Each structure stands twice: as C-alpha cells, then as structure tokens.
Amino acid sequence: MTGRIVRWIIGLLILVLIGVRLSVFTVRQGEVALITRMGRARRVIKEPGCYSKWFWPFERAHHFDGRRRVFNPTFAETLTRSGETIIAESYVVWSIDRDRLLDFIKSFRGTKVEEKRVSQDAESHLNMVILDAQNAVLGVYNLTDLVSVDPEKLKLDRVEEDILREAQSKVNKVGIHVHQFGIKRLAFAEKTLEEALNQTRVIQIAKVNQWKGEGETKARAIHARTELEAAALVSEAKGIAEKTRLTGEAEAQRILTEAYQEDPDFYTFWRSLEGIKKIGTEQATLIFSTRSAFFNVFKQPTGPSGTPASASPSTQPVRSASGGGQP
C-alpha cells in the first residue's frame, strides 16, 4: 500500500513538472513573442523575461528575432533622369516593428504562424519595395548627382534618404521598420560608362582651363607687382647713390678749398702733378713747351713767402723729350 502511494506521488510530481515545463517559457533579449490560443493571436510580449501560458495544445508561444538585420536587395537596372542605365548595389537594415507584430504576421502568413517562412516572405516583400523605391527616386536625379569628382555636387546622401523614406512609407503598414538604406556601389553598362567618362573628361578639361587661366592671371599680377617693387627699389637706390655722390663731392670740394687757402702755390703745384699722373704712364714720353703750365711743375717751387724752396736730396733731374735736357 505504501509503495503504491509513493508511486502515485512520484507520478503526480512528474505530471506537475511536465505541466510547468509546458506552461512556462522565456523570451530572450532581442526577441519578441506572440502567444496564440488555438491558432488565434492573443497577446504580444516585447520585453525579455520568464512568462506563463496555458500548456500545449491550448496556447503556444512563437518567438521572432526582433533585432536589426542586414538585407541585400537584388540587382536591377535603373534609368536616371538624364537617361543613363545604372545598376545599384545596395543594403537595407530592417527589423520587425514590435508595436505591429500582428500586422507583420498577418501580412505574410495569415493566422498560420511559421517563424522562418515569415521572415523569408518579409525580405522578399522588402526586396520588391526597395527596387520600386530605387526606380522612383533615381529617376529624379541626373548621373552627375551620383558620380562626380566634385564632392559638392554629389547628392548620394539625399538619394539614400529619399529611398529610405519612400520604402518606409510602403512597409510601415506590414510591420516592417527600415532603419537604414545605403548604396554600396554603382555599376554602369558599357555605353553608359563611356558617356560618364566623356562627361567627366569634359568637366575636368573645363576645370583645368579655368585653373590655368586663374594661374596665368595671378602670375601676371605677381610679375607686374614685382616689376613695380623692383623699379621702386632701383629708383630709391639711385637716389641714395646720387645723394651720397653729391655729399662726397661737396666734402671733397670743401677739403680742396681749405687746402688751397692754406698754401695756394703748393696747391697749384700738387694739382699740376696730379694732372700729369692722369695723362701719362711710367714709360710715356711727354713733349711740351717750356712755356706751358705743365713745365712749371719741373721748376723749383717757391715757398709761402715767394722765395725758392731748397731742392730735396732725392730730387732727380728731369730729362727732356730728346733725352739731353738740363735739370
């Protein structure tokens, strides 16, 4: 009897544990859960933690990844406003809208909840929405707004914002939230690429000519300014030199005047010697009249009182032009 009671108690505990196991579930960080009763949605759990429910088959917990995901849409040709064909390689960061989880499930699988298939169908729908948004937005912009060597003319940021806004407006009702859209690469058809390169080449040539013209203008201005400054410096230097020369000449004239006033005869004698030195060299032969002023140099000079000065011992006789003259 006692053994049977023990077995009943153990069996009851096992049933209780199984019931607890089927009635308690956890929601992890980054997950969102949907509780359905007999296949019908009852409540949505957004916060992580431990929760209870009726055991299966009365209620069931469906878990969905509520974190942000990166999705790469398929490639598709798109026409720009200027008529070029481009292929945009883009990416999308999206997640399930926690506040519209029921709309998300109903939009793709109805009341039949299959977690994996729902996410796949959501990305397929998002892919079509993104391609439509790219066609609508890129058709408004020219190729130069997307590809340009001038950063100020690029409008990629605005294009991405417009595509994001256009896509979000279409997926908002189905419980998808698009956080970010970006263009990773732009590919061109061969003809489009050639047209783009030609257009870029024309723009670059125009810029080169513009920069060359500006450089030549600045060079001429610098050259003209340099010439003016050089002319001003030369003129100033000439003025200083002329002033210095005049000052020197005036000082020399003053010194000569003072020397003349000290001894007019000696000054006349010295000036005559200076004149002879300028017109002759050591091997020159001078021929002049004894009556000329130059001949007075070779005469005995007179002193300040008019009397003849004694000859210096080192005085050498002066020879005439014929070599036979007297002292």
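Quick look at the numbers
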quantity	calculated
Residue in region 180-192 that is at pLDDT 75 or above, hydrophobic (A, V, I, L, M, F, W, C) and farther than 30 Å from Phe104 by Cβ present	yes
Given (1) touching a Phe, Trp or Tyr at 6+ places or on another chain (Cβ under 9 Å); (2) assigned to a helix (DSSP H, G or I); (3) at pLDDT 85 or above; (4) not hydroxyl-bearing (Ser, Thr, Tyr), index of the condition Glu195 fails	(3)
Filter result (buried (at least 16 other Cβ atoms within 10 Å of the Cβ) and farther than 15 Å from Gln134 by Cα) within region 83-102	Trp94, Ser95, Ile96, Asp97, Arg98, Arg100, Leu101
Scan of region 38-52 for residues that are at pLDDT 75 or above and of a type outside the set (Val, Ile, Thr), ordered by number	Arg43, Lys46, Glu47, Pro48, Cys50, Tyr51
Checking Gln180 against (1) in contact (Cβ under 8 Å) with a residue 12 or more places away in the chain; (2) loosely packed, with under 14 Cβ neighbours inside 10 Å; (3) over 34 Å from the mean Cα position of the chain (by Cα), the condition it does not meet	(3)
Subset of region 126-160 (residues that are part of a helix (DSSP H, G or I), out of contact with any strand residue (DSSP E or B) (no Cβ under 8 Å at 6 or more places or on another chain) and not aliphatic (A, V, I, L, M))	Asp132, Thr144, Asp145, Pro151, Glu152, Lys153, Asp157, Arg158
Residue match in region 161-176 (condition: within 30 Å of Ile96 (Cα to Cα), touching a residue at least 40 places away in the same chain (Cβ under 8 Å) and loosely packed, with under 13 Cβ neighbours inside 10 Å)	yes
Breaking point among (1) at pLDDT below 90; (2) part of a helix (DSSP H, G or I); (3) within 27 Å of the chain's Cα centre (by Cα), for Lys173	(3)
Test for Thr74: is it touching a strand residue (DSSP E or B) at 6+ places or on another chain (Cβ under 6 Å) and either at pLDDT 70 or above or surrounded by 13 or more Cβ atoms within 10 Å (Cβ to Cβ) (or both)	no
Residue within region 232-254 that is of a type in the set (Ser, Thr, Tyr), in contact with a helix residue (DSSP H, G or I) (Cβ under 6 Å, 6 or more places away or on another chain) and farther than 19 Å from Ser90 by Cβ present	no
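The values are calculated or read from the model by the stated rules, or taken from the named source; none is laboratory data. Here the structure is a predicted model, which means the values were calculated and not measured. No Cβ is skipped: glycine too gets one built from the backbone with ideal geometry, and neighbour counts run over all protein chains shown.
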